[in-house]
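Have a look at the structure below, then the notes.
The values are calculated or read from the model by the stated rules, or taken from the named source; none is laboratory data. In this text, all values refer to a predicted model and were calculated from it rather than measured experimentally. Methodologically, a virtual Cβ is constructed for each residue, glycine included, from the backbone with ideal geometry; neighbour enumeration extends over all protein chains shown. To get the accessible areas, we keep the full protein, side chains included, count just its heavy atoms, and leave off ligands, DNA and RNA. Shrake-Rupley method; radii C 1.70, N 1.55, O 1.52, S 1.80 Å.
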Amino acid sequence: MDKRDCVVALDEGTSNAKAIVVNSAGKVIATSSRPLTLLTPHAGWVEQRGEALLEASLTVLREAIAQVGENRVAAIAISNQRETAMGWYRHDGQPIGPAITWQCSRSAAFCDQLRRDKQDDFIRQVTGLPVAPLFSASKMRWLLDNTPQGQLRAEKGEVCLGTVDAWLLWHLTGGQQFCCDRSNAARTQLLNLSTGHWDQGMLKLFGIPELALPQVCPSSHNFGVTHGVEGIADGIPICAMIGDSHAALYGHGLGLAGRVKATYGTGSSVMAPVDDLCHGITQLATTIAWHDGNRSQYALEGNIPHTGDAVAWMLGITHTELTEQRLLSELPASVASTEGVYFVPALTGTGAPWWDDRARGVICGLSRGTQRAHVIRASLEAVAYQIADVIGALRQHPGFQLQCLMADGGPSRNDWLMQFQADLLGCPVARSNTPELSAIGAALLAMRQRFALSDRQLLALLPEHDEFQPDMQRHLLLKESYLGWQLAVQRTLWQPESIFCVTEGAA
């Protein structure tokens, strides 16, 4: 009997590609994973091979589908690393260059020129995003500039430019569908947030031909069906695509008010759902969290480029190994504090709320008494401090309340880190008890489209959370440590006299 009751959700991240199978009760019944490699050919450059992203994604999809049987698969959903820019030739799907990841700062000079040309306010008002090499448009500009006849070929429609969701969809459908969802489009710096369409002023500013860009669709949508992919049956509907951080927010609570989300991964995203567009908080990005097929959900977000990968860098291990290291709980707890040591991991610049792509990392406060445990603890504390920096900026939004921080991602499995975060912020931290929250969020959006489920039905499928309650006495003591952190950040910034000082981030 053909009982198609499951959704296979692909989560194509920076450090690995995962696929899970979610049944009609919202339970994960199969998983598959493959690690991914980051390449750093020059200082500040971070890239991946688009072919490797595709190969790993197809492999985990095949393995996940095989575990339950193709006849149970009702739909495929995709969550993906955001801002990473891809270019490929329309006639054969071959990349024109590397996948330039969200961490890469190779387009910093282009962004500097935009600032000198006083384009900051214009870009923010239209797209909700600050000028920074994090976002896709300047990376797409670099790809065209570094491809023979790139601009001309893009204007003729011979070159496709897109985010990772568009790259995966193209190949899953045998080149028949060239689309992206609104959450990914909102991270390119080319989308008009008010209209939900590519903005002609932004296209002109960045020199990106609209003919080279995908069609923008809702996140919960019938994007087409699989076709011509070896080892995957033809005709499986692809019913959701969404950026991984947005998918995690959806998986935590479908965007319920008061639930602020922090994803702990290679980098981190702190995101709070809001009811309307807000461009007044210059340290944060305003974005489309998702479009569920009926309406757009907006959000304020702070992006941090280096959290989990900074801890991995400090230890000399891979990001995948990070969640398996017992010493990351034992060593920090073996000392009462860092003894004044701070690690500011601006390895390719800083993200929110500082937005300084020329900043570089600093370890300060070292003394003869500094031990390995102090430095490792400092690297973990840096993760929590950076989250607190963004929370401080979020507090500027009228009516913002931090009732609970919803946590997810590999490093969130560290109990010591979660307790420190709760104590630092002075509010509960609720950690998702599943490591596949982004994939689950994408699966829920696919279920909405494929099975016509309501919000009430989807809420019943949400995963459970583990809570960490703050020690308020320790919260007061950590305020002084947080001030020390802010001084350390000033040592890191290119122009410390112009920094935005977060005075209430940990309060």
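Numbers at a glance
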{"item": "Subset of segment 280-299 [buried (at least 20 other Cβ atoms within 10 Å of the Cβ) and in contact with a Ser or Thr (Cβ under 6 Å, 6 or more places away or on another chain)]", "result": "288, 290, 291, 292, 299"}
{"item": "Single residue of segment 108-134 satisfying the filter (at pLDDT 95 or above and assigned to a loop (DSSP other than H, G, I, E, B)) that is most open to solvent (accessible area, probe 1.4 Å)", "result": "118"}
{"item": "Subset of segment 10-29 (residues that are touching a residue at least 60 places away in the same chain (Cβ under 8 Å), open to solvent by less than 30 Å² (accessible area, probe 1.4 Å), under 23 Å from residue 85 (Cβ atoms) and in contact with a strand residue (DSSP E or B) (Cβ under 6 Å, 6 or more places away or on another chain))", "result": "10, 11, 12"}
{"item": "Matching residues, segment 2-36, being out of contact with any helix residue (DSSP H, G or I) (no Cβ under 7 Å at 6 or more places or on another chain) and assigned to a loop (DSSP other than H, G, I, E, B)", "result": "14, 23, 24, 25, 26, 27"}
{"item": "Qualifying positions in segment 345-362 - in contact with a Ser or Thr (Cβ under 9 Å, 6 or more places away or on another chain) and open to solvent by 10 Å² or more (accessible area, probe 1.4 Å)", "result": "348, 350, 354, 355, 356, 357, 358, 360, 361, 362"}
{"item": "Residue list for segment 83-107, filter: open to solvent by 10 Å² or more (accessible area, probe 1.4 Å), in a loop (DSSP other than H, G, I, E, B), within 30 Å of residue 351 (Cβ to Cβ) and at pLDDT 95 or above", "result": "96, 97, 98"}
{"item": "Some residue of segment 259-270 being within 20 Å of residue 446 (Cβ to Cβ), outside any strand (DSSP E or B) and either in contact with a helix residue (DSSP H, G or I) (Cβ under 9 Å, 6 or more places away or on another chain) or open to solvent by 20 Å² or more (accessible area, probe 1.4 Å) (or both)", "result": "no"}
{"item": "Hits in segment 142-151 - residues which are in contact (Cβ under 8 Å) with a residue 12 or more places away in the chain and open to solvent by 30 Å² or more (accessible area, probe 1.4 Å)", "result": "142, 146, 151"}
{"item": "Lone unmet requirement of (1) closer than 20 Å to residue 199 by Cα; (2) in contact with a Cys (Cβ under 7 Å, 6 or more places away or on another chain); (3) among the charged types (D, E, K, R) for residue 117", "result": "(2)"}
{"item": "Condition check for residue 139: of a type in the set (Lys, Arg), in contact (Cβ under 8 Å) with a residue 12 or more places away in the chain and open to solvent by less than 10 Å² (accessible area, probe 1.4 Å)", "result": "yes"}
{"item": "From the options 447, 418, residue that is of a type in the set (A, V, I, L, M) and surrounded by 23 or more Cβ atoms within 10 Å (Cβ to Cβ)", "result": "447"}
{"item": "Matching residues, segment 421-439, being open to solvent by less than 10 Å² (accessible area, probe 1.4 Å) and not polar (S, T, N, Q)", "result": "422, 423, 424, 425, 427, 429, 430, 437, 439"}
{"item": "From the options 115, 4, 106, 90, residue that is basic (Lys, Arg) and closer than 24 Å to residue 247 by Cα", "result": "4"}
{"item": "Count of segment 30-60 residues which are open to solvent by less than 10 Å² (accessible area, probe 1.4 Å), in contact (Cβ under 8 Å) with a residue 60 or more places away in the chain and polar (S, T, N, Q)", "result": "1"}
{"item": "Strands (runs of 3 or more DSSP E) completely within segment 152-250 that count 2 or more residues being open to solvent by 10 Å² or more (accessible area, probe 1.4 Å) and at pLDDT 95 or above", "result": "215-217"}
